[in-house]
1. Being within 22 Å of MET285 (Cα to Cα), without any contact (Cβ under 8 Å) to a residue 60 or more places away in the chain and in a helix (DSSP H, G or I) is true for just one of GLU43, GLU37. Which residue is that?
2. Given the condition of a type in the set (D, E, K, R), assigned by TED's automatic domain parsing to the domain that holds SER217, assigned to a loop (DSSP other than H, G, I, E, B) and crowded, with 17+ Cβ neighbours inside 10 Å, answer yes or no: does some residue in region 187-201 qualify?
3. Restricting attention to region 106-118, does a residue exist that is touching a residue at least 24 places away in the same chain (Cβ under 8 Å), surrounded by 15 or more Cβ atoms within 10 Å (Cβ to Cβ), in contact with a helix residue (DSSP H, G or I) (Cβ under 9 Å, 6 or more places away or on another chain) and assigned to a loop (DSSP other than H, G, I, E, B)?
4. Could you tell me whether ASP74 is surrounded by 15 or more Cβ atoms within 10 Å (Cβ to Cβ), at pLDDT 75 or above and acidic (Asp, Glu)?
5. For region 135-168, which positions are surrounded by fewer than 20 Cβ atoms within 10 Å (Cβ to Cβ), part of a helix (DSSP H, G or I) and either among the aliphatic types (A, V, I, L, M) or touching a helix residue (DSSP H, G or I) at 6+ places or on another chain (Cβ under 9 Å) (or both)?
6. Go over the candidates THR197, THR193, THR163, THR220 one by one and state the one that is within 30 Å of ARG133 (Cα to Cα) and polar (S, T, N, Q).
7. Go through region 232-282 and report how many residues are assigned to a loop (DSSP other than H, G, I, E, B) and aromatic (Phe, Trp, Tyr).
8. In contact (Cβ under 8 Å) with a residue 12 or more places away in the chain, outside any helix (DSSP H, G or I) and not aliphatic (A, V, I, L, M): is that true of PRO171 in this structure?
Amino acid sequence: MSIYSKKGKGWRYDFTLNGNRYTEAWFKTKREANLAEAKKREEIENPLPPISKTQPELTGTGITFLGLVNRRLDHVKAYNSKRHYSDYKYMARRWAKEWKQFECDDIHTEMVRKYLLKRLKDRSAFTANKDLRYLRALFNFAMHPTRDWIKTNPTRGIEFFPTEKRIKYVPSKQDVLRVIMAAEPETQDYLWTIALTIGRMGEINRLCWQDVDFETSNLTLYTRKKKGGHLTPRRIPMTGKLFDILFRRFSKRDKAKPWVFWHRYWHRTDRQWIDGPYRDRKRVMTTLCKKAGVKYFRFHALRHFGATMLDAEKVPIGAIQRILGHENRTTTEIYLHSVGEGEKYAMDVLEKGFSEKSHTESHTETKLGQTI
C-alpha cells in the first residue's frame, strides 16, 4: 500500500520503483498525497533525457529542442533561485515528451498553441499561462544576440488565457497572533522574524549570524528576485522585539552553525543526516492554522499583512517598497490591500452626491404639487 495515514500527523506516500524507495510525508489529505506521488512517479518515469552522441545538441542548421532545454536549465540553475529552477525542470519534462525529437526551428506556433490548449483543458488557465511564460523565456534565451540559435520565437503572437483574478486573502492581526501563539517556541521565533522583517521565506531561511548587526540594530536580507539573478542585499532595521528574539538565539547558538534557523534532516538521495538551513516549511502553516482555528494562510501572506499594516498607518509607499525589496512600485501596490482614505473620501462624496440629488428631487416634487 503506497498511501497511508498516521494518526495525528497526516498522510504519506511510500513506494518502490526500479529498486529505489521513494517516500514523503506529511500531507493534510489523502488526495494531496496521491497527487504528490503521481508527480514523483512522473518525474522518475519521464526524466529529462541527456544529450547523447547520437543526438547532437547543435546541428548544422540550428539547435535541438532538447539541447536548448538543457542549456536553459543550466543557465537558470546558475542565475536563479532553487524554486525557479525546480519549476523549470518540472515543466521541461513535459515539453521534452512533446518535442524532444524536433529541432527548435521545426517547432511552430500552432504546435505550441495546441500544447497550451491541452494544458488549459487538463489543468487551468493559470497553469497554461505559466507554461507560456516559461516557454517564451526559453525561446527568447535562444534568440539572445550572444547565442542566436533560432530566428523566430514560436510563442510570439500567442495571447495569455483570461483568468479570474481575486484579491489575495490577508489574515487579520488576531489570526496572525493566534497562529504564532499556537506554535512551538522555535517556530514562534521563525514566524516573528518573518512578520517583523516582512521578509520572504527564502530570505529568512538563508539568514546567517554574520548578517545580523546588533550594534546598529540592523540585519541584511538577500534575495535573487532581481534582474540577472544576482544575490542582492537590503538592510532592515530591527524592532525591539526582533532584537530581543535574535539576541537570545545568538546567546544560545551552536557556534559551528552559521545559520539563524537550521535543522537536521534526512537526505533521501545521499542517505544520511544533514545539518542545514530551513528549506520548504509550508506544511507547518497547515498544521498551525488548523490548531489555531483560523482560515489557512501561508508564510507569504505575512508579507501582504505587514505591507497592509504599514499602508494603513500612512507609511510612505517608497519606504514600504524598500522594506519589501521590490524594484518596481507597481509590485508593491499589489501588496497593499487596505482601503485608503482617498477611496473612503471618494465614496463619501459619491454618497453625498446622491443624497443632495434626492433632496433636490424631493423639493422639486413638493413645489410642483403646490403649483397643481
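1. GLU37
2. Within region 187-201, one or more residues are of a type in the set (D, E, K, R), assigned by TED's automatic domain parsing to the domain that holds SER217, assigned to a loop (DSSP other than H, G, I, E, B) and crowded, with 17+ Cβ neighbours inside 10 Å.
3. Checked region 106-118: at least one residue is touching a residue at least 24 places away in the same chain (Cβ under 8 Å), surrounded by 15 or more Cβ atoms within 10 Å (Cβ to Cβ), in contact with a helix residue (DSSP H, G or I) (Cβ under 9 Å, 6 or more places away or on another chain) and assigned to a loop (DSSP other than H, G, I, E, B).
4. No, not satisfied.
5. ALA137, PHE141, MET143
6. THR163
7. Number satisfying all stated conditions: 2.
8. Judged against the criteria, PRO171 is a match.
The values are calculated or read from the model by the stated rules, or taken from the named source; none is laboratory data. Since we're looking at a predicted model, the values are computed, not measured. Glycine gets a Cβ as well: all are built from the backbone with ideal geometry, and neighbour counts include every protein chain shown.
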